[in-house]
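Asks: Questions regarding the structure given below will be posed in turn.
The values are calculated or read from the model by the stated rules, or taken from the named source; none is laboratory data. Predicted, not measured: the structure shown is a model, and the values here were computed from it. Positions of Cβ are backbone-derived with ideal geometry, glycine not excepted, and every protein chain shown enters the neighbour counts. Surface accessibility is based on the protein's heavy atoms, side chains included, excluding ligands, DNA and RNA. Shrake-Rupley method; radii C 1.70, N 1.55, O 1.52, S 1.80 Å.
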Amino acid sequence: MSTPHIEASKGAVAKIVLMPGDPLRAEFIANTYLENVTRFNTVRNMFGFTGTYQGKQISVMGSGMGMPSIGIYSYELFKFYDVEAIIRVGSCGAYDAKLNLYDVVLADAAWSESSYAKTQDSLYDKDYTYPDKALNASLVEAAKSLEIPLKQGTIHSSDVFYREHFDVYKDIHANTGSVAVEMESFALFHNANVLGKKAACILTVSDSLVTHEATEASERQVAFTKMMEIALAAALHYAD
Ligand code: HPA
């Protein structure tokens, strides 16, 4: 079978998918952490791979940037490929002075001014969506056993990366409780909720709107590795 944006046969995708934004990051994750890797998607170069991690089947696929993109890929994976859980692994910009570069943050809610959820489901009229509680608990547990500090908070999913008035982030931080910004979680959580599936999101702080600092390439890899170790350990609970 195939869907408009994924050409995989049905059994080619694992029940649990790790989802970075960048398809080349997905390839790097597959080659670095998984064994017996096969590629299940090349449509639009949005690569997806399945392999084994500690003997269990795990997939990793790029989501692209923004809610329309992750909305399409996560919907097709959940609805047509029998995927049970997706963990987004991404980066975020800090709104809160307590978040430092390279911190790993678990989203316990996503706030957005986006129309994604209302457009997808005309009965949904809220501007928060939520991850799966059990999947979040698995990520917290994994971080604890790996002794990696994990912060938690509401994440702003923005439709716009380049804002005209960046200081608006201060109002969003104050009014919505969002501690950081990225561009995908709100739609991912919404899709999981309407389809009865599970989703979560862990993020590495790559820049700060408070201090205007940004990460260095060399340090980014270390932080990324910590985030991946947490995601992979949690994913094992959902893998066959
Ligand atoms: N804005 C939106 N998305 C992001 C950012 C940001 O500053 N940093 C990482 N992802």
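Asks: For a label point 7 Å from the Cα of residue 236 along Cα→C-beta, name the residues of the range 133-147 whose backbone N is under 18 Å from it.
Replies: Counting only backbone N, you get 135-147.
Asks: So for the chain: antiparallel DSSP bridges make up what percent, rounded to the nearest 5?
Replies: Within the chain, antiparallel bridges account for around 40 percent of the total.
Asks: Give the angle, between 0 and 90 degrees and rounded to the nearest 10, that separates the Cα long axis of helix 133-145 from the longest principal axis of the Cα atoms of the chain.
Replies: Roughly 90 degrees, rounded to the nearest 10.
Asks: Can you give me the C-alpha center-to-center distance between the range 100-170 and the range 44-92, rounded to a whole angstrom?
Replies: For the range 100-170 versus the range 44-92, the Cα centre distance is 17 Å.
Asks: Springs between alpha-carbon atoms under 10 Å, Gaussian network over the chain: tell me which of 167, 132, 207 tops the mean-square fluctuations.
Replies: Among 167, 132, 207, the largest GNM mean-square fluctuation belongs to 167.
Asks: Still on this structure, please answer the following. Counting only trypsin sites (Lys or Arg not before Pro) that are in a DSSP loop and have at most 15 other C-beta atoms within 10 Å, tell me the longest site-free stretch of the chain.
Replies: It runs 1-97.
Asks: Using amide H atoms built 1.01 Å from N in the peptide plane, name the residues 5+ places from residue 15, or on other chains, whose amide H lies under 5 Å from its own.
Replies: 240
Asks: To the nearest 20 debye, what is the magnitude of the charge dipole of the range 16-235 about its Cα centre, counting +1 on the Cβ of each Lys and Arg and -1 on the Cβ of each Asp and Glu?
Replies: 500 debye
Asks: What whole-number value in Å² describes the accessible area per residue of the range 16-235 for a 1.4 Å probe?
Replies: So the range 16-235 comes to 44 Å² accessible per residue, rounded to a whole number.
Asks: Of 56/197; 10/133; 79/226; 144/198; 56/144; 56/226, which ones are farther than 25 Å apart at the Cα?
Replies: From the list (56/197; 10/133; 79/226; 144/198; 56/144; 56/226), the Cα-Cα distance tops 25 Å for 10/133; 79/226.
Asks: Identify the GluC sites (Glu not before Pro) of the range 145-240 meeting these criteria: DSSP loop state and at most 15 other C-beta atoms within 10 Å of the C-beta.
Replies: Sparse-neighbourhood loop GluC sites (Glu not before Pro): 147, 164, 213, 216.
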